[in-house]
């Protein structure tokens, strides 16, 4: 009992002196929603991998391009949803983002990661690839990666979203989304997203799609509040 009394008395003295007393941190708010399309999206063409038999034999049916990927309920996949204003820049995480070449495809098709975060590019195919990101603000590079070689390690020091291609296999296209903070998501099947742990404040939420461009909405949230923000893109049938 004596120990408890001393602790409580100490806290009371701190409060009386006007000094801040540490307490539980308020829970962050969440912005969540769904990305959909209206109209008729273009039909993706089958990919002809006949010139690369080692990859072609991995599929029982021809693979489709991933420029526009849709799912049930007019939902739109591969959309980068992120806080573009209102949140401070975050330091890069210690874990690397991974970009895999498998079956002569990029996995994932859209890779989001942070400024100065390590990115590891690995080749799991039996053929050589040529990785060629095409940034406008960051340094451009173009590297060959034969099968069985170690992952390529790179970093980007500026926020930017840009395409990636393989000069050996022209159907291989992907996207790097280099972002300033950790508040981002990439939509998958169903088109939903969630941006949790946001301190109270006003934010600009941006959704980006490689074919349909980008759009933004402002939202204000308080502690522990959940706000819904939905995005609708106009599909182009060509």
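Some values worked out for this structure:
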item: Sequence of 82, 59 once ranked by neighbouring C-beta atoms within 10 Å, starting from the fewest; result: 59, 82
item: Semi-axis lengths (Å, descending) of the ellipsoid that matches the C-alpha gyration tensor of segment 88-182; result: 23, 14, 11
item: Pairwise label distance in nanometres, residue 194 with residue 215, each label 7 Å out on the Cα-Cβ vector; result: 2.4 nm
item: Nitroxide proxy distance, nm - points 7 Å out along Cα→Cβ at residue 102 and residue 116; result: 3.2 nm
item: Projected label distance in nm at residue 58 and residue 124, using a 7 Å step from Cα toward the beta-carbon; result: 0.7 nm
item: Burial ordering of 139, 105, fewest other beta-carbon atoms within 10 Å first; result: 139, 105
item: Tilt relative to the chain, helix 2-17 - C-alpha long axis, 0 to 90 degrees, to 10; result: 90 degrees
item: Structure-derived Cα extents along the principal axes in Å: which label, when the choices are (i) 80, 44, 36; (ii) 56, 53, 27; (iii) 40, 39, 32; result: (i)
item: Pairwise FRET efficiency - residue 43 versus residue 234, Cβ, R0 = 22 Å, nearest 0.05; result: 0.85
item: Potential lengthening between residue 90 and residue 202 on full extension [0.36 nm per residue; Cα-Cα distance subtracted]; result: 38.6 nm
item: Whole-angstrom gap from segment 25-62 to segment 93-157, using each part's C-alpha centre; result: 18 Å
item: Structure-based [θ]222 nm, the chain - -39500 (n - 2.57) summed over DSSP H runs of at least 4, per residue, nearest 500; result: -2500 deg cm²/dmol
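No value in this document is a laboratory result; all are computed from the given coordinates. These figures come from a predicted structure and were not determined experimentally. We place every Cβ from the backbone using ideal geometry, glycine too, and count neighbours over all the protein chains shown.
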